[in-house]
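Q: Before I ask anything, let me first share the structure, which is written out below as structure tokens.
The values are calculated or read from the model by the stated rules, or taken from the named source; none is laboratory data. Here the structure is a predicted model, which is why all the values come from computation and not from measurement. With ideal geometry, Cβ positions are generated from the backbone for all residues, glycine too; neighbour counts draw on all protein chains shown. Note: areas computed on protein heavy atoms with side chains; ligands, DNA, RNA excluded. Shrake-Rupley method; radii C 1.70, N 1.55, O 1.52, S 1.80 Å.
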Amino acid sequence: MNYLLIFVPFIALVLVNLLPKKLRPISSFLVLLLILAAQSIFAALAPFGLIRAVGAVRMEHLFGFHLLIDNLSLLLLLSAGIVGFSALMVAWHSIKDEDDRFNFTNLLFILLIGMNGISMLRDLFSLYVFIEAIAVSTFIMILLYKAREAYEGALKYLILSVVASVMMLSSIALFIMFCGGTSFEVIKLSLVSSGALARIAIALFICGLFIKGGLVPFHGWLADAYTSAPAPVSVVLAGVVTKASGIFTLIRLLTAVIGFSPATKDLLLIIGAISIVIGALAALGQKDIKRMLAYSSISQMGYILVALGCGTRLGLIAAAFHFLNHAIFKSQLFANAAAVEEQTGSRDLGSLGGLAQKMPVTGITSAIASLSTAGIPPLSGFWSKLLIIIALWVSGNYFYAVIAVLASLLTLAYFLTLQREAFFGQVSVKVSSVTEASAGMLIPAVLLSAMTVGLGLVFPFVIKYFVR
Amino acid sequence: MIIAIILLPLIAGLISLMVPDRLKGVKEGIALFSTIIGLIIAALLFKQNIMFTIPWLGFGIDLSFRLYHFSAFILLAIAGFGAAISLYSVAFMWGKEKLNQFYAYFLLTVAFANGAVLANNLILMLFFWEGLLLTLFGMIIIGKKEAFKTAIKAFVIVGITDLCLMLGIALTGSLADTFTMSMISLPTSGLGALAFVLLMIGAIAKAGSMPFHSWIPDAALDAPLPFMAIMPAAIEKLLGIYFLTRISLDLFRLNPGSKISLLLMTIGALTILLAVMMALIQKDYKRLLSYHAISQVGYMILGIGTMVPAGIVGGLFHMINNALYKSCLFLSGGSVEKQTGTTDLSKLGGLGKQMPITFICFIVAAVSISGVPPFNGFFSKEMIYDGALERGWIFYLAAVLGSFFTAASFLKLGHAAYFGKSETANKTKEASWAILLPMIVIAGLCVLFGVYNPLPLHALIQPVLGAKLEGRDFAGLPTNAIIVLITLVVLAAAVLNHWFGVRRTGKGIGAADHIHYAPGLSQTYDLAEKRYFDPYDIGMKIANWLAKLLNAVDKAIDWIYEKLTVGVTFAFTSAIRWSHSGNVSTYVVWSLAGAAVAIIMVLIR
Amino acid sequence: MGIEMSQMFWTFFIFFALLLVEGFYCIIVTYNFLRVLIGLELLMKAVTLFIIVAGYLSGNLALAQSIAITVIVIEVVVVVVAAGIIIGFFREYDSLNIKNARSMKG
Amino acid sequence: MNVLLLLLILMVLAGLWSILTSLLLRATIALALTSVLLTVVMFQMNAPLAAVFELSVCAGLISVVFISVISLTHRQPLKEYLARRQKRILRFWPLPVLLLVVGVGLSFVHRPVHIMLPHPTAFGDIRIMMWQLRRLDLFGQILVLLAGVYGVLILFRGNKNGN
């Protein structure tokens, strides 16, 4: 099963490209949709023992490397499946040109393989390679339409991404020198006896991941890249890609390799708190829907980070749960933004207004996702924030707990601004003839907001998923 | 059994959500059936004691339910209202849109409320508590087209207070080292006080007290009427006061002299007065009632806040009484709306003849809420007065004043709606039996609980306090004759005031003018009028001014919710925006600086 | 080996650091995207050097070489993609000046 | 060791040249020179395979890429270029100073470091290492290359609208 998760998409990618030209776009779309759906179902059901990971034993000799699935991997597999599915649905309707669409599916294939790889890897350098594969395909995805702005966003992302690579590779070199290898077991074994330079290596790698995940003050590229990316790309980018290469890898690293030392905890807490506050404040001042969502993304990553910074099991569960929630509601919000942009041709909050009357489904779903992000009960986002705050409080980080609560008010403030400017109030002149988006755009939004509500309502069972 | 009462409405709700709108009668059947079965189960469960715990998530979060006399009593009340209101909804909502959603939310509300009452674990309770918020959101949003904004407003206000509740629960849990409610007993000092206040905010916000009330009047206009009868008037109140009583009596060791008690009483007194003054100037049937729904909570909070047996028993008794007469009032409003098509008081009038049964039910409920003996509101209010007087005359004064205004506003309401004339009055017919039956039953209960008050007090309320009752029995007639006398005087004053008001202004209730300006009467009371005129006018001016001020306060609360955050953070925001210059070099420098700081941190720790 | 090894490490480390300083300085100070790309290249050179040094000093040269080769492959892909973006940027703005890439701010 | 030291100093100087020179073409050549020097350093350190890669890919391919980008984009008039040349000194004079300060400063730091010997399971042979133990990296490389291929397809394809 483990190998299938990366080889099936790979083989499918190759096969799809061998097809006659006419068949390519539709077949690649359908195949990828199928794979994503299968992956989501697998990841959702696997923890309950409903699907067995079959045939995982003998394959190792064939490929000669280890891919291990644990519950953390399933989390990323699930998020990648759900978000990829939604992005693909959005892409099918918002990308008009067939070639562009085909290129998008191809790159999404690569992203999917990359993320699946990341979820199962047990080697620091292989992790880096997969992260880089994701990054390269992301640069290209941002430039899918070759829009004027997109060059700027892609270049900023590229430059900071190389800086991140430099940090991570230096750290890998230090690990080779002071631990004698790059696989998780080797590093973990020798980390105990290592000195200051190994600790610097850890810090460097974490900083590289911070850049990839867009935490303050490493976040400069994030808002520009998200804003300038085409609609379906920003769905997948904000929903899971940067989180997979940044935050997820960090969780993996912390749990499997380096553990929680007081210094790491402090680092996570401080960076997390700064990200929460700065991200939320920056989002408050935005006029562009996507940019606002991008900054909100930074702030939400901060929440995950402070939860990790507790260093407790509960904190870890909270972080994982928030990771999933964020994947769901943020990709949904970007899907909504895509629908708004598609129908009105504008993302500027100043020129929108009263859209809830014209686009009721988009209005309600985006309200649900916004409120979930802000941690308004009983939506799923509330539960993860509750867990984060409890985790912070129980582990004695009262100051950070208070920051987390206050910042969730800020979150509420900027989302209310968004709702008020875009969806409430008088129907502005510009949108007076707007109609609801097409069904294809709405399906992911409705699906994802149903998930938000559903996860909130069956929270007890969801949390069991993570406790396992 | 204990699980069944949660699961039954839950499943019924989910089923009715799936029933398409075309199939008429199916959803109604499901709702009626499940609520009546629920009522039977609740009756069977009554007087039982069950503890039910299965270990669950770890971290002290267990699937733990506890049935004892208090929760059984609330359970019974919820089931009763559920049955009555589902019967009413069948008639009221027949043929409207989005019925499957309405019944689904309604049944889910009942299910979550049952769960919240039964839960013996704070986190589990919070879970059900939040479920209610979702159904609240859903209920409002299926109303009118503009309901979207109101729904968000309600969601945000209740959501924020629930955040407080959540913090309170986290704090309580860490202070008490357990989330199991029956094992918590904390002092209210230091962090304990903070925890109590946080939990209290959640509880009184659910009950709809000031300053968390402002969504209720809006929702009164936008949401379907049975929703108002069940959510703000009955179930939320029951839950909020239930939880407030639980935290004040069980979870925390409160004593009468404490600051917390003072805080509760102040909130109660302010809520009574401010909301009732707002009610006085309303011109819409439902909106007027919804402000009373807020004001009556004040009595309960005041009663429980006194922390003396008379007050607590009074508060709880008032809770059940209020649920009765307030839902009866809302139902009467719905009946009027159904028959006349409007709730605007200036368009209503003369309905008393055309809708006699509704009128009688309204009168019963109105005199109950005004505290006229021997109806139920009278007895519970007397107890609250008794308790309040024990703690300070100022609270007593507030309660009595509130009573005065309550009576005055209901006189106005009844006068405007049921007496006099209007264009539509003659064409109006009495409502159908399914609408009348719940009203009659509830009105009957109002009388029963008043005339034979030992029944509710002995069977339902006094066991809750147990040893804290100090052996006293509040059943029967009130013991303090002076308080009764004052009450009667106040009621008489209200009637007088109404009479003068109608005489003086003649507005809103214009149909009654000719009686008051009849030649013989006006000369007889000329002198009295001259003497009474000025204080009354000034009084009314002050009242108006206060009402306007309160309106401003109301607006200000809205403003804080919506604007102030933006204003305060604007400076920060613009500074941050300025620093994001779009220059990639800057971003690289930030990253490097961040990495440097990280490395230094790692090295020095 | 002890002290001698230690000395060698610090010597190599100094050169690694100098190359990093050059690279970052180039990224931060120059106005031309191609020069920024040259700065990035210098950083990658520094890192490749450091990886090989790590393998050389710890006797783990096989691992270090295989890692270095992978890094070089990735590096060339990134540079090619970057070159493509820069050419597109030039077509769009008719200039390579980095100051043109400041339209998104705030 | 002395040879290594010399090569490294040369490498830093070549890097410095590539930054300080005012002509882009020269900068590219300087970068290639840096690459070549790195190759020699790698040979000196007994890493021939990586060295060959570095030489062929970095010194060769990347230089070609750079030069083609320059030829596609470089349209600066000579006058402007000469004017800018004067200002460049203002921006770049701190670099050599900075390098000196960093170099001298770091040379005072001599803490003993504990270098770990290779893990017992590690293989000394690069071929075994690469083809048998690090297959996942190879798979990752294929992914990166695939992404690069799509990048070239998308980025170098002319705009459909004919621009």
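Q: Would you mind finding the one in A:Ile172, A:Ile187, A:Ile200, A:Ile211 that is touching a residue at least 12 places away in the same chain (Cβ under 8 Å), within 7 Å of chain B (Cβ to nearest Cβ), open to solvent by less than 10 Å² (accessible area, probe 1.4 Å) and not in a loop (DSSP other than H, G, I, E, B)?
A: A:Ile211
Q: Ok, one more. Name the single residue that is surrounded by the fewest Cβ atoms within 10 Å (Cβ to Cβ) among those in segment A:137-149 being in a helix (DSSP H, G or I) and within 11 Å of chain D (Cβ to nearest Cβ).
A: A:Phe139
Q: Can you report the number of residues in segment C:56-67 which are part of a helix (DSSP H, G or I) and over 15 Å from D:Arg127 (Cβ atoms)?
A: Of the residues in segment C:56-67, 3 are part of a helix (DSSP H, G or I) and over 15 Å from D:Arg127 (Cβ atoms).
Q: Let me ask something else about it. Filter segment D:68-81 for residues that are hydrophobic (A, V, I, L, M, F, W, C) and open to solvent by less than 80 Å² (accessible area, probe 1.4 Å); which is farthest from C:Gln65 (Cα to Cα)?
A: D:Ile70
Q: May I pose another question? More than 12 Å from chain B (Cβ to nearest Cβ), within 15 Å of A:Tyr414 (Cβ to Cβ) and either open to solvent by 10 Å² or more (accessible area, probe 1.4 Å) or touching a residue at least 60 places away in the same chain (Cβ under 8 Å) (or both), is that true of A:Gly239?
A: Here the answer is no, as A:Gly239 does not meet what is asked.
Q: Just to be sure, is A:Ala307 under 17 Å from A:Ser380 (Cα atoms), away from chain B (no Cβ under 12 Å) and more than 14 Å from the chain's Cα centre (by Cα)?
A: For A:Ala307, the condition - under 17 Å from A:Ser380 (Cα atoms), away from chain B (no Cβ under 12 Å) and more than 14 Å from the chain's Cα centre (by Cα) - is met.
Matching residues to (1) over 19 Å from the mean Cα position of the chain (by Cα); (2) over 24 Å from A:Val235 (Cα atoms):
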position: A:Lys385; (1), (2): no, no
position: A:Ser408; (1), (2): yes, no
position: A:Tyr414; (1), (2): yes, no
position: A:Ala439; (1), (2): yes, no
position: A:Leu457; (1), (2): yes, yes
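Q: With (1) outside any loop (DSSP other than H, G, I, E, B); (2) within 14 Å of chain B (Cβ to nearest Cβ) as the list, and A:Gln286 as the residue in question, which single condition is left unmet?
A: Just one mismatch for A:Gln286, condition (1).
Q: Could you give every pair whose Cβ atoms fall below 6 Å, whose first residue belongs to segment D:33-50 and is under 20 Å from C:Glu41 (Cβ atoms) and at the interface with chain C (Cβ under 9 Å from one of its Cβ atoms), and whose second residue is surrounded by 23 or more Cβ atoms within 10 Å (Cβ to Cβ) and among the basic types (Lys, Arg), counting only separations of at least 6 or pairs across chains?
A: Once the first residue is under 20 Å from C:Glu41 (Cβ atoms) and at the interface with chain C (Cβ under 9 Å from one of its Cβ atoms) and sits in segment D:33-50, its partners that are surrounded by 23 or more Cβ atoms within 10 Å (Cβ to Cβ) and among the basic types (Lys, Arg) give D:Thr34/C:Lys45; D:Leu38/C:Lys45.
Q: Scan segment A:372-393 residue by residue and report those that are open to solvent by 10 Å² or more (accessible area, probe 1.4 Å) and facing another protein chain (nearest Cβ under 7 Å).
A: Once the filter is applied, which keeps residues that are open to solvent by 10 Å² or more (accessible area, probe 1.4 Å) and facing another protein chain (nearest Cβ under 7 Å), segment A:372-393 yields A:Ile390, A:Trp393.
Q: Is it fair to say A:Ile368 is within 21 Å of the chain's Cα centre (by Cα), open to solvent by 10 Å² or more (accessible area, probe 1.4 Å) and not hydroxyl-bearing (Ser, Thr, Tyr)?
A: When the stated conditions are applied, A:Ile368 passes them.
Q: Among the residues of segment B:265-283, is there at least one that is of a type in the set (D, E, K, R) and assigned to a helix (DSSP H, G or I)?
A: No, every residue in segment B:265-283 fails to be of a type in the set (D, E, K, R) and assigned to a helix (DSSP H, G or I).
Q: Another question, if that's okay. Please work out if B:Ser209 is at pLDDT below 75, farther than 16 Å from B:Leu133 by Cβ and either in a helix (DSSP H, G or I) or open to solvent by less than 40 Å² (accessible area, probe 1.4 Å) (or both).
A: Yes.
Q: Moving on. Looking at segment B:154-190, which of its residues are away from chain A (no Cβ under 14 Å), free of Cβ contacts under 8 Å to residues at least 60 places away in the same chain and either surrounded by 18 or more Cβ atoms within 10 Å (Cβ to Cβ) or in a loop (DSSP other than H, G, I, E, B) (or both)?
A: Within segment B:154-190, B:Ser189 is the sole residue that qualifies.
Q: A further question follows. What are the residues in segment D:32-58 that are assigned to a helix (DSSP H, G or I) and open to solvent by less than 10 Å² (accessible area, probe 1.4 Å), if any?
A: D:Thr34, D:Ser35, D:Leu38, D:Thr39, D:Val41, D:Met42, D:Ala50, D:Ala51, D:Glu54, D:Cys58
Q: Taking the criterion of being farther than 15 Å from A:Val340 by Cα and buried (at least 24 other Cβ atoms within 10 Å of the Cβ), would at least one residue in segment A:421-437 satisfy it?
A: No - not one qualifying residue is present in segment A:421-437.
Q: Would you check if there is a residue in segment A:128-136 being facing chain D (nearest Cβ under 9 Å), over 18 Å from the mean Cα position of the chain (by Cα) and among the β-branched types (Val, Ile, Thr)?
A: yes
Q: Ok, one more. Of everything in segment A:396-406 that's more than 9 Å from chain B (Cβ to nearest Cβ) and under 25 Å from the mean Cα position of the chain (by Cα), which residue is surrounded by the fewest Cβ atoms within 10 Å (Cβ to Cβ)?
A: A:Leu406
Q: Within the set of pairs 6+ apart or on separate chains, which have a first residue in segment C:27-42 that is facing another protein chain (nearest Cβ under 7 Å), a second that is among the basic types (Lys, Arg) and open to solvent by 10 Å² or more (accessible area, probe 1.4 Å), and C-beta atoms under 7 Å apart?
A: C:Val29/D:Arg91
Q: Next question, about the same structure. Take D:Thr21 and tell me if it is surrounded by 23 or more Cβ atoms within 10 Å (Cβ to Cβ) and more than 7 Å from every other protein chain (Cβ to nearest Cβ).
A: Taking the combined requirement at face value, the residue does not satisfy it.
Q: Is it true that some residue in segment A:289-308 is outside any helix (DSSP H, G or I) and not polar (S, T, N, Q)?
A: Within segment A:289-308, not a single residue is outside any helix (DSSP H, G or I) and not polar (S, T, N, Q).
Q: Please go through segment B:359-374 and give me each residue that is modelled with pLDDT under 80 and more than 20 Å from the chain's Cα centre (by Cα), ordered by number.
A: B:Val372, B:Pro373, B:Pro374
Q: Regarding A:Ile271, is this residue in contact (Cβ under 8 Å) with a residue 12 or more places away in the chain, facing another protein chain (nearest Cβ under 9 Å) and buried (at least 24 other Cβ atoms within 10 Å of the Cβ)?
A: yes
Q: Which one of these does A:His219 not meet: (1) at the interface with another protein chain (Cβ under 7 Å from one of its Cβ atoms); (2) surrounded by 24 or more Cβ atoms within 10 Å (Cβ to Cβ); (3) touching a residue at least 60 places away in the same chain (Cβ under 8 Å)?
A: (1)
Q: Would you confirm whether or not segment A:291-307 contains a residue that is open to solvent by 10 Å² or more (accessible area, probe 1.4 Å) and either closer than 22 Å to A:Thr417 by Cβ or in contact (Cβ under 8 Å) with a residue 12 or more places away in the chain (or both)?
A: Yes, there is a match, as at least one residue in segment A:291-307 is open to solvent by 10 Å² or more (accessible area, probe 1.4 Å) and either closer than 22 Å to A:Thr417 by Cβ or in contact (Cβ under 8 Å) with a residue 12 or more places away in the chain (or both).
Q: Moving to a separate point now. Answer yes if at least one residue in segment C:24-32 is assigned to a loop (DSSP other than H, G, I, E, B) and either of a type outside the set (Ser, Thr, Tyr) or open to solvent by 10 Å² or more (accessible area, probe 1.4 Å) (or both), and no otherwise.
A: yes
Q: Closer than 24 Å to B:Pro374 by Cβ, at pLDDT below 70 and in contact with a helix residue (DSSP H, G or I) (Cβ under 6 Å, 6 or more places away or on another chain): which single residue out of B:Ala475, B:Ala443 fits that description?
A: Of B:Ala475, B:Ala443, the one residue that is closer than 24 Å to B:Pro374 by Cβ, at pLDDT below 70 and in contact with a helix residue (DSSP H, G or I) (Cβ under 6 Å, 6 or more places away or on another chain) is B:Ala475.
Q: Please find, among D:Leu7, D:Leu106, D:Leu100, the residue that is aliphatic (A, V, I, L, M), surrounded by 14 or more Cβ atoms within 10 Å (Cβ to Cβ) and more than 20 Å from A:Ala173 (Cα to Cα).
A: Checking each option against the conditions leaves just D:Leu7.
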